[in-house]
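Written below as C-alpha cells is the structure these notes are about.
The values are calculated or read from the model by the stated rules, or taken from the named source; none is laboratory data. Here the structure is a predicted model, which is why all the values come from computation and not from measurement. Backbone-built Cβ (ideal geometry, glycine too); neighbour counts: all protein chains shown.
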Amino acid sequence: MNNLGLPLFYLFSAVAVVSSLIVVTNRRPAYSVLALTLTMLALSALFVLLEAYFVAVIQVLIYAGAILVLFLFVIMLLGMEGTDRQINKEKSIWNIVRPVAQLVLAVLLLAELGFAIVQAKNLPQIVTHVAGNVEAISETLFTRYLLPFELVSGILLIGIFGVVNLAYQEQKKS
Amino acid sequence: MIPLSHYLILSAVLFIIGAFGAITRRNIVIILLSIELMLNAANLSFVTFSHAWGDLGGQVISLFVIAIAASEVAVGLAITVLLFRNRGILDPNQMNTMKW
C-alpha cells in the first residue's frame, strides 16, 4: 500500500484536475455534469487514500448519486442545450472586454496558486494515522459535534420549505 | 507516503478552477457546478488536515459541508427552473428584477 500510494495519488489527481477543467470549459451543461461526476469519483478515491472511508462512501452516494443526478434532471427538464451560443451572438463591447478580463483573472488566480505552492513546501509531514470508519466518525459526530449536527437538520428543513414553497407557487400559477 | 503538501496543492488547483468557472461562465447551471467544485476542494483540505493531525473533526465538518451543499443545490436549481420557465433566462446578468 505504501509504495502504491503515490502513483495512485497522481493518477486520481490527474483525473480530478482534467475533468474539472472539462466542467468549467465545456459548452454543453450535460457534459459538464458528467465530468463533475468523474471529479467526484476521483476525489472519493483520494479520500480512501486518506483513510477517510466514510466520507468517501458519502461522497459517492450523495454527490455522484443524488446531487449530480438532480443537476442532470434539471438540464434535461429545461432542454437548455445551445443557449450559450445564442447569447454569444449579441454584438456589444463586452464581447471584446470579456476575454481580456478572463485572461487577467486567470493570471491572478495562477499567481495565487503559485504562491500557495511555494508556501506549501514548509508544511510538516503527515505523522499520525486515524481511520475514518463509521464507528469513529459517529462517535465524534454525536459527542463533540452534536449541536452542529442538529443545526444541519434545521438547515435541511428550511431547504425543504424553500423548495416546496417555490414548487407550490409554480403550481398555483399554472 | 504521500506528502501533505500534495493534497493541499491539488485542493488549491481544484478550488481555483472552480473559482474561475464561477466568475467567468454565464450559465447559472455551470456556476452552480463550479460552486460544487469549490466546496469539494475545501472538503479535500478538511479531510487532509483531519488525517494529518489525527483529529476526526475535519471529516465530520466535511460531512456538514456535503449536507449544506445538497440543500443549496436543491434551492438553487428550483430557482433556476422557475426563472427559465417563466422568463427563459439562464444568464445571471439578466436577473435584474426582484419581482415581475
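Laid out as a table, the results:
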{"item": "Sole residue being within 19 Å of residue A:49 (Cα to Cα) and outside any helix (DSSP H, G or I), chosen from B:2, B:9, B:61", "result": "B:2"}
{"item": "Residue in the stretch B:86-95 that is of a type in the set (Asp, Glu), more than 7 Å from chain A (Cβ to nearest Cβ) and out of contact with any His (no Cβ under 8 Å at 6 or more places or on another chain) present", "result": "no"}
{"item": "Condition check for residue B:82: within 7 Å of chain A (Cβ to nearest Cβ) and in a helix (DSSP H, G or I)", "result": "yes"}
{"item": "Some residue of the stretch A:107-114 being at pLDDT 80 or above and of a type in the set (Val, Ile, Thr)", "result": "yes"}
{"item": "Top-ranked residue in the stretch B:24-41 [being touching a residue at least 24 places away in the same chain (Cβ under 8 Å) and facing another protein chain (nearest Cβ under 9 Å); ranked as nearest to residue B:63 (Cα to Cα)]", "result": "B:40"}
{"item": "Residue check, residue B:19 surrounded by fewer than 19 Cβ atoms within 10 Å (Cβ to Cβ) and either touching a strand residue (DSSP E or B) at 6+ places or on another chain (Cβ under 9 Å) or of a type in the set (A, V, I, L, M) (or both)", "result": "no"}
{"item": "Boolean, residue B:49 is more than 12 Å from the chain's Cα centre (by Cα) and among the aromatic types (Phe, Trp, Tyr)", "result": "yes"}
{"item": "Verdict on residue A:162 being outside the structural domain of residue A:47 (by TED's automatic domain parsing) and either at pLDDT below 85 or touching a helix residue (DSSP H, G or I) at 6+ places or on another chain (Cβ under 6 Å) (or both)", "result": "yes"}
{"item": "First in the stretch B:1-22 and touching a residue at least 12 places away in the same chain (Cβ under 8 Å), second anywhere and surrounded by fewer than 21 Cβ atoms within 10 Å (Cβ to Cβ) and not in a helix (DSSP H, G or I), Cβ under 8 Å, 6 or more apart", "result": "B:4/A:123; B:4/A:124; B:4/A:125; B:4/A:126; B:8/A:123"}
{"item": "Some residue of the stretch B:86-100 being aromatic (Phe, Trp, Tyr), outside any helix (DSSP H, G or I) and more than 23 Å from residue A:98 (Cα to Cα)", "result": "yes"}
{"item": "Check on residue B:5, facing chain A (nearest Cβ under 7 Å) and under 9 Å from the mean Cα position of the chain (by Cα)", "result": "no"}
{"item": "Matching entry among B:73, B:65, B:13, B:47 (being at pLDDT 90 or above and over 29 Å from residue A:153 (Cβ atoms))", "result": "B:13"}
{"item": "Failed criterion for residue A:124 (all others in (1) modelled with pLDDT of 90 or more; (2) over 24 Å from the mean Cα position of the chain (by Cα) hold)", "result": "(1)"}
{"item": "Top-ranked residue of the stretch B:42-52 - restricted to ones that are surrounded by fewer than 24 Cβ atoms within 10 Å (Cβ to Cβ) and more than 7 Å from chain A (Cβ to nearest Cβ), ranked as farthest from residue A:52 (Cα to Cα)", "result": "B:42"}
{"item": "Residue within the stretch A:17-27 that is touching a residue at least 24 places away in the same chain (Cβ under 8 Å) and among the aliphatic types (A, V, I, L, M) present", "result": "no"}
